[in-house]
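As structure tokens, the structure follows; a few thoughts come after it.
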Amino acid sequence: MDLEFGAADEEFRAEVRAWLRGHVPAEPLPSLETEEGFAAHREWERTLGAARFGVVSWPEEYGGRGVSVLQWLVFEEEYYAAGAPGRVSQNGINLLAPTLLKHGTPEQLARILPPMAAGEVIWAQAWSEPGAGSDLAALRSTATRTDGGWLLDGQKTWSSRAAFADRGFGLFRSDPESAQDERSEPGGVGGHPTTR
């Protein structure tokens, strides 16, 4: 793989740098863990989305720009250098979206990704549970198939961004009777990402 920046990469860098220079807030936004800060960061996500800078590496049909890995790194480098705000949508775009892009149905991709890219829907992460912490093999929450989708049952204790987010995604056991020794095997947890 050629890791040298070409003319197209540098042209993209110049575009990103100029856009960030004209749009990054002059003052830091309030903490995204507060209602006021979450609202300000949500507005920033919308600003990024309107310029198609929210998720530059995603396919264009889902709100991205379809840039190369190298150009995505250029964007991240310029974003950091510009002192741009933290991403309130990071759980959705960095955790849920890659899973959907790999395993989601066309209907799920079309329904979930564009509003996420536009900053219209912010996703909370719900993984940790009482007695399990972040030990995914010890999760007890379940997902049972129903006529309308999945019935979720259980308790999540650490839910990043859940206080103000629009939707949540988490890990739930679809086969709670799976053998203990299978839990250490890839895919042996007996669960899968479920969106709600």
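The values are calculated or read from the model by the stated rules, or taken from the named source; none is laboratory data. Everything quoted here is computed from the prediction, not taken from an experiment. These area figures cover heavy atoms from the full protein model, side chains too; ligands, DNA and RNA do not enter into them. Shrake-Rupley method; radii C 1.70, N 1.55, O 1.52, S 1.80 Å.
Share of carbon and sulfur in the accessible area of the stretch 92-182 stands at 51%, probe radius 1.4 Å.
Entry note, the chain: the mean residue ellipticity at 222 nm calculated from DSSP H runs of n ≥ 4, each adding -39500 (n - 2.57), is -10500 deg cm²/dmol after division by the residues and rounding to the nearest 500.
Taking amide H positions as modeled 1.01 Å from N, with prolines and chain starts lacking one, the residues under 5 Å from S128 and 5 or more places away or on another chain are T157, W158. Average accessible surface for the stretch 111-156: 51 Å² per residue, computed with a 1.4 Å probe over protein heavy atoms with every protein chain in place.
Amide H to amide H distances under 5 Å link I122 with D166, R167, where only residues 5 or more positions off or on other chains count and H is placed in the peptide plane. Expressed as a whole percentage, what fraction of the accessible surface of the stretch 1-61 belongs to carbon and sulfur atoms when a 1.4 Å probe is rolled over the protein heavy atoms? Of all accessible area on the stretch 1-61, carbon and sulfur atoms account for 51 percent.
A value for Cα extents along the principal axes in Å was derived from the coordinates, and within the list [x] 52, 32, 30; [y] 53, 37, 24; [z] 54, 43, 30 it appears as [z].
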